[in-house]
Amino acid sequence: MSDSQTIAVEVIGIEQVTPLIKHFRLAPLHGQSLPGFSGGSHIIVVMHGPERIHRNPYSLLSSPHQLDTYDIGVRRMEDSRGGSHFMHDSVKVGSRLEIAHPVNLFALDKIARKHVLIAGGIGITPFLAQLEDLHRGNVPYELHYSVRSPEHAAFVDRLRRGEGEKLHMYHDSEGQLVPFETLLATQPLGTHVYVCGPAGMINHVIATARSHGWPDSHIHWEQFSAPPVGAAFEVFLSRANISVHVPPTQSLLESIESAGVEVPYLCRGGVCGFCRTRVLEVDGELVHNDHFLSEADKAGGRFIMPCVSRAHGRRLVLEL
Ligand code: FES
């Protein structure tokens, strides 16, 4: 994927839905329909900031059956490198943005006999579009949605209206916890579980499901990592024959792109594997932040996911 494949959109609505989350409605600039997608898809939003370009993944939360606009929810991240702050502070109704075509890395399994959806905080967004798909089928499902406190429950009116008794809400502030053990111990054969939220919740759901004998093929999760900041370093791109400086607040992928070298990507969050790049040499150590490479691959040091990972040391040589 590259910026030549982006779609120009205009922001036609913004709503503050919780103290930390804003809901943006995007319409195509030239009035045509937007590309089709299925529940669980995300888009990359390209933001031209004053000093640099941000490209962040956001789940589509609008209905896949209504393609005149796309809706996304953006949580203001305290440790943001700029993308979520740009969306919250600089993007207004009437602002123009570019978006990439939707990609689904978190799709509902078509042959599941039941779906159990578990969301934490902003992790509710991919489920909102999936629910629109589920309303049209006859596969049973239930949604478990955990938030810090009632004021942090985004889109809850829509959920109460659409889901009724299928919605189970949990407020940390009132000591309400998702009963992971009983929930995952008592599901009928053929059930698939989907989780999106903080890393601790995802890891707990995966571990609990496995401990109850769920096959990995029935456990689905999505967690886009934001590229963490780190010390600056130099990268040499062997095919392009250029050196690129990677500053502390720019990802390795962003720095390579700024130098005019394209790297394939889909998620920009360490999940899809598309940006996997061969490491030819490292003077220092690789800092792997992705969810794609196996522990053995990470230890082997032959590959890096430049969308979220970086190097700690003086120099890195990549086959690019
Ligand atoms: S772009 Fe998906 S893992 Fe890097």
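The values are calculated or read from the model by the stated rules, or taken from the named source; none is laboratory data. Remember, it's a predicted structure, so these values are computed and weren't measured experimentally. Neighbour counts run over all protein chains shown; Cβ positions are idealised from the backbone, glycine included. Each accessible area value is taken on the protein alone, full model and side chains, heavy atoms only, with ligands, DNA and RNA left out. Shrake-Rupley method; radii C 1.70, N 1.55, O 1.52, S 1.80 Å.
Would you confirm whether or not the range 185-200 contains a residue that is surrounded by 17 or more Cβ atoms within 10 Å (Cβ to Cβ) and in a helix (DSSP H, G or I)? No, the range 185-200 contains no residue that is surrounded by 17 or more Cβ atoms within 10 Å (Cβ to Cβ) and in a helix (DSSP H, G or I). Mind checking whether some residue in the range 158-177 is closer than 18 Å to LEU60 by Cβ, open to solvent by less than 10 Å² (accessible area, probe 1.4 Å) and in a helix (DSSP H, G or I)? Checked the range 158-177: at least one residue is closer than 18 Å to LEU60 by Cβ, open to solvent by less than 10 Å² (accessible area, probe 1.4 Å) and in a helix (DSSP H, G or I). All of (1) touching a Ser or Thr at 6+ places or on another chain (Cβ under 7 Å); (2) open to solvent by 10 Å² or more (accessible area, probe 1.4 Å); (3) over 21 Å from HIS291 (Cβ atoms) hold for ILE99 with one exception: (2).
Within the set VAL282, VAL244, the sole residue that is touching a helix residue (DSSP H, G or I) at 6+ places or on another chain (Cβ under 8 Å) and among the hydrophobic types (A, V, I, L, M, F, W, C) turns out to be VAL244.
The numbered conditions (1) part of a loop (DSSP other than H, G, I, E, B); (2) more than 23 Å from PHE127 (Cβ to Cβ); (3) at pLDDT 95 or above are all true for PHE37 except (2). Output yes when any residue across the range 80-97 is more than 21 Å from GLU254 (Cα to Cα) and in contact with a His (Cβ under 6 Å, 6 or more places away or on another chain), and no when none is. Within the range 80-97 (the criterion being more than 21 Å from GLU254 (Cα to Cα) and in contact with a His (Cβ under 6 Å, 6 or more places away or on another chain)), the answer is no, since none of the residues qualifies. Here the condition is being at pLDDT 95 or above, assigned to a loop (DSSP other than H, G, I, E, B) and more than 16 Å from the ligand (Cβ to nearest atom); of ALA231, ALA240, it holds for ALA240 alone. When ALA112, ALA129 are screened for being closer than 30 Å to GLN32 by Cβ, touching a residue at least 12 places away in the same chain (Cβ under 8 Å) and not in a strand (DSSP E or B), only ALA129 passes. Scanning the range 29-54 for residues that are in contact with a strand residue (DSSP E or B) (Cβ under 7 Å, 6 or more places away or on another chain) and either free of Cβ contacts under 8 Å to residues at least 24 places away in the same chain or open to solvent by 30 Å² or more (accessible area, probe 1.4 Å) (or both) yields LEU29, SER38, ILE53.
Note on the range 224-237: among residues that are touching a residue at least 60 places away in the same chain (Cβ under 8 Å) and open to solvent by 40 Å² or more (accessible area, probe 1.4 Å), the one that is nearest to the chain's Cα centre (by Cα) is PHE224. Scan the range 279-320 for residues that are assigned to a strand (DSSP E or B) and more than 14 Å from the ligand (Cβ to nearest atom) and the total you get is 16. Within the range 238-259, the set of residues being of a type in the set (Ser, Thr, Tyr) and under 22 Å from the mean Cα position of the chain (by Cα) comprises THR249, SER251, SER255. Considering (1) in contact (Cβ under 8 Å) with a residue 12 or more places away in the chain; (2) away from the ligand (no atom under 16 Å from the Cβ), the lone condition that SER251 does not fulfil carries the number (2).
Residue by residue, here is whether (1) free of Cβ contacts under 8 Å to residues at least 60 places away in the same chain; (2) surrounded by fewer than 20 Cβ atoms within 10 Å (Cβ to Cβ); (3) of a type in the set (S, T, N, Q) holds:
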| site | (1), (2), (3) |
| --- | --- |
| PRO264 | no, yes, no |
| CYS267 | no, no, no |
| VAL279 | yes, yes, no |
| GLU295 | yes, yes, no |
| LYS298 | yes, yes, no |
| MET305 | yes, no, no |
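Per the conditions (1) within 11 Å of the ligand (Cβ to nearest atom); (2) modelled with pLDDT of 95 or more, the sole criterion not satisfied by LEU266 is (2).
The conditions are (1) on the phi < 0 side of the Ramachandran plot; (2) at pLDDT below 95, and GLY82 fails exactly one of them. Which is it? In the conditions (1) on the phi < 0 side of the Ramachandran plot; (2) at pLDDT below 95, GLY82 misses (1) alone.
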